[in-house]
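One structure is given here, and the rest of the page talks about it.
The values are calculated or read from the model by the stated rules, or taken from the named source; none is laboratory data. Treat the numbers as computed from the prediction; the structure is a model and nothing was measured. Because the Cβ atoms are built from the backbone with ideal geometry, glycine has one as well, and the counts that use them run over all protein chains shown. Surface accessibility is based on the protein's heavy atoms, side chains included, excluding ligands, DNA and RNA. Shrake-Rupley method; radii C 1.70, N 1.55, O 1.52, S 1.80 Å.
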Amino acid sequence: MYVDASEQTKFDNNIRIKKFRDEYMDEIYNCMQCGYCLPSCPTYEITAKESASPRGRIALMKAYADGKLEMNKQLENALYFCLGCRACESACPAGVKYGHLLEGVRESIEGTKRDQHQNHWIRKTIFDHTFNNTKRIRFAGKMLYYAQASGLQKLANQTGMVKVLPKSLANMQQAVEPVASPKDRKKRTKVMKAIGTAKAKVWLTTGCVMDMMFFETNQNTAKILNKLGFEVHFYANEQCCGAMHAHSGEKATALELAKKNIEIFENSQVDYILSNAGGCGTAFKEYGYWFQHDKVWKERAEQFSSKVRDMNEFLYDMRDILNFQSFPKKVTFQNSCHLAHGQKITLEPRTLIQMIPDIQWIELDANDSCCGSAGIYGVTNFDTSMVILDKKFTKIKKMQVDYIVVTNPPCLIQMKLGVKRAGLEQQVKVIHIIDLLHMVMKNPVKTNCNLE
């Protein structure tokens, strides 16, 4: 039987709306519209528009779910103007899971766009051709190394050739420091043995951006764990955690990536799954939620998530055996939004940093504010991202710190760009917390620790 294409599209859209309503309307009704979230929202702060606030966006989602508002470009722009930083979740007295709502409505947006063949080429490159394929991620890392080692990146910047890239990528590549060579990457062994008797076996997830651009940070993470008596396992078939896909409405792909990671865990016999990237760790811990309606995968996903630990909380639990040397520098800390608001981990990294002898700790004003990176937000909403970043560095410039410590790879790139834009390259260094701890770490003073 012939079905008119427009009628099929309308039918598919109605199914999509019903799915969103069935899954998320209870959460939407949890929002009391009180406005406690407004001061915490970076986009509301710079626009003062209700549609740029969590409360306003939830109202738009409700209108969409009720069939009072069609999915159109205006609605899409409002919902993608959000960074997804989830600071509103920490501020919300009702505990609304705004991040879940945002992922759900963006899934509907992308379904509608696919029906209408409206996917942008940058988006397709990121989600369909790069971060869903481990080999392509590694290939991208190799190409980046060769561009740097050959002087091509430097030449492109000097001659202006870099302007052929989108403005966002042209600016962001300035903050990318030399990456590890293919030769150095090949030296990584599948298993890094513990020093002394192994307390446990751990899977250190390497991530996508993390391993591509900050390979040494992953290596330093493994070295710290080895010193503390843990056997570290790497898996070549590890997939992207799926966070970027889920945040951007590509939930089906996120689920497929998650399934592959769950299967790796089930065949691994490791005791813990560790992450040194705030965004990745949050996604791993939410696999159970992702599969809540899947009878086949729900229990398996929950088992996976139960074994996930962020490195900050893992090291915090062993703080009594950590031993650091003196580091007399002025240091501040930039929250990873998903670490702070998704995993509720804020005390642990601060405690670890302040344990370092002679360090001069300076709390960053408005630390709960996103740096503007937010996954691929710095690419898709570059100008807004830079407004948010520059506001943060107006405050940092007055602090006169030596180091800014971060816990997430996109934040690391973004804050390095902020240093450059603020003209602080000679005064301020941005460093991942693992690299800082590895730099100052001595051998543990004790050999026993209690892992609960």
Check the stretch 435-442 and report whether any residue there is without any contact (Cβ under 8 Å) to a residue 24 or more places away in the chain, part of a loop (DSSP other than H, G, I, E, B) and open to solvent by 10 Å² or more (accessible area, probe 1.4 Å). no
Odd one out for CYS337, checked against (1) open to solvent by less than 10 Å² (accessible area, probe 1.4 Å); (2) hydrophobic (A, V, I, L, M, F, W, C); (3) within 22 Å of the chain's Cα centre (by Cα): (1)
Subset of the stretch 258-279, residues assigned to a helix (DSSP H, G or I), closer than 24 Å to ASN408 by Cα and at pLDDT 95 or above, comes to ALA258, LYS259, LYS260, ASN261, ILE262, ILE264, PHE265
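Does LYS193 fit the bill of being touching a helix residue (DSSP H, G or I) at 6+ places or on another chain (Cβ under 9 Å), open to solvent by 20 Å² or more (accessible area, probe 1.4 Å), of a type outside the set (S, T, N, Q) and at pLDDT below 85?
Values: touching a helix residue (DSSP H, G or I) at 6+ places or on another chain (Cβ under 9 Å): yes; open to solvent by 20 Å² or more (accessible area, probe 1.4 Å): yes; of a type outside the set (S, T, N, Q): yes; at pLDDT below 85: no.
So LYS193 does not fit the description; no.
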Those residues that are in a loop (DSSP other than H, G, I, E, B), out of contact with any helix residue (DSSP H, G or I) (no Cβ under 8 Å at 6 or more places or on another chain) and either open to solvent by less than 20 Å² (accessible area, probe 1.4 Å) or closer than 30 Å to PHE393 by Cβ (or both), I need them from the stretch 286-325; list them, please. MET318
Would you please list the contacts, defined by Cβ atoms under 8 Å and residues six or more apart or on different chains, that run from a residue in the stretch 231-259 that is within 26 Å of LYS190 (Cβ to Cβ) and of a type in the set (Lys, Arg) to a residue that is outside any strand (DSSP E or B) and modelled with pLDDT of 90 or more? LYS259/TRP297
Given the options GLU313, GLU250, name the one that is acidic (Asp, Glu) and at pLDDT below 95. GLU250
Identify, please: which residue in the stretch 202-233 is acidic (Asp, Glu) and part of a helix (DSSP H, G or I) and is, among those, farthest from ASP271 (Cα to Cα)? GLU216
Residue in the stretch 404-411 that is polar (S, T, N, Q), closer than 21 Å to ASP310 by Cβ and either open to solvent by 20 Å² or more (accessible area, probe 1.4 Å) or in contact (Cβ under 8 Å) with a residue 60 or more places away in the chain (or both) present: yes
Could you list, ordered by first residue, the pairs with Cβ atoms under 7 Å in which the first is in the stretch 41-52 and open to solvent by 70 Å² or more (accessible area, probe 1.4 Å) and the second is of a type outside the set (Lys, Arg), at least 6 apart or interchain? GLU50/GLY56
